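What follows is a single structure, and I will ask about it in a moment.
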Ligand code: ADP
């Protein structure tokens, strides 16, 4: 059975505004907010922490089994918040938002979070080299990957509105197709 609501991935370098966007979108749309980081941590779907990078070494099979069991694929209506996207099966995902941020602003956000040394450097490089955007473009069809700027509060507002309109259209198109 086709899902009634789309599944959306919000991705990007740490600090670009994934959680800010994903929580707001889920709230406005009545969708389920999925903090992949929280699930990995709470359910122990990892093989420890990469202390240098400050992120979990994720057990992807366990994570995907857990998400599959939650019905994400059939039900839809999930907003996934994670600093990677290639692991999610293409058939689950209807839209991939890659958030981008001005590097001076990102630097300030990450240092405010206590990032320093290699962890700060690697994440700054990742943003400047658009690593997440390339990963998204390599993993999903071009037409479902959207790059949005997230340097200011106004941009958050505009982005959320834009995605809400996209969801409305997705539903209309889906209904027109007869939910095939
Ligand atoms: P991520 O989930 O990508 O790590 P967060 O949503 O936690 O990023 O945002 C990191 C910090 O930057 C937070 O303090 C948040 O309020 C701020 N922030 C994020 N996006 C914006 C934006 N577009 N304009 C202003 N502040 C932002």
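Assess whether residue 29 counts as being out of contact with any helix residue (DSSP H, G or I) (no Cβ under 8 Å at 6 or more places or on another chain) and surrounded by 15 or more Cβ atoms within 10 Å (Cβ to Cβ).
No; evaluated as a whole, the condition is false for this residue.
For region 11-21, check the following and say yes or no: at least one residue is part of a helix (DSSP H, G or I), within 16 Å of the ligand (Cβ to nearest atom) and crowded, with 22+ Cβ neighbours inside 10 Å.
yes
Suppose we filter region 1-10 for residues that are within 11 Å of the chain's Cα centre (by Cα) and more than 16 Å from the ligand (Cβ to nearest atom); how many remain?
Residues flagged as within 11 Å of the chain's Cα centre (by Cα) and more than 16 Å from the ligand (Cβ to nearest atom) within region 1-10 amount to 1.
Another question, if that's okay. Among the residues of region 171-179, is any more than 13 Å from residue 14 (Cα to Cα), assigned to a strand (DSSP E or B) and at pLDDT 95 or above?
no
So which of 126, 150 is touching a strand residue (DSSP E or B) at 6+ places or on another chain (Cβ under 8 Å) and within 16 Å of the ligand (Cβ to nearest atom)?
150
Related question: Look at residue 34 and say whether it is under 22 Å from residue 170 (Cα atoms), in contact (Cβ under 8 Å) with a residue 12 or more places away in the chain, in contact with a strand residue (DSSP E or B) (Cβ under 9 Å, 6 or more places away or on another chain) and not in a loop (DSSP other than H, G, I, E, B).
Values: under 22 Å from residue 170 (Cα atoms): yes; in contact (Cβ under 8 Å) with a residue 12 or more places away in the chain: yes; in contact with a strand residue (DSSP E or B) (Cβ under 9 Å, 6 or more places away or on another chain): yes; not in a loop (DSSP other than H, G, I, E, B): yes.
Yes.
Another question about this same structure. Suppose we keep only residues that are surrounded by fewer than 21 Cβ atoms within 10 Å (Cβ to Cβ) and either more than 15 Å from residue 64 (Cα to Cα) or within 15 Å of the ligand (Cβ to nearest atom) (or both) within region 32-46. Which one would you say is farthest from the chain's Cα centre (by Cα)?
Step by step, filter region 32-46, then rank; the result is 41.
Out of all the residues in region 149-165, is one or more under 18 Å from the mean Cα position of the chain (by Cα), crowded, with 17+ Cβ neighbours inside 10 Å, on the phi < 0 side of the Ramachandran plot and assigned to a strand (DSSP E or B)?
no
Report those helices (runs of 4 or more DSSP H) wholly inside region 86-143 carrying at least 2 residues which are within 21 Å of residue 58 (Cβ to Cβ).
On the way: elements: 103-112, 117-128, 131-139.
So the answer is 117-128, 131-139.
The values are calculated or read from the model by the stated rules, or taken from the named source; none is laboratory data. Predicted model, so just to flag it, every value in this text is computed and none were measured. With ideal geometry, Cβ positions are generated from the backbone for all residues, glycine too; neighbour counts draw on all protein chains shown.
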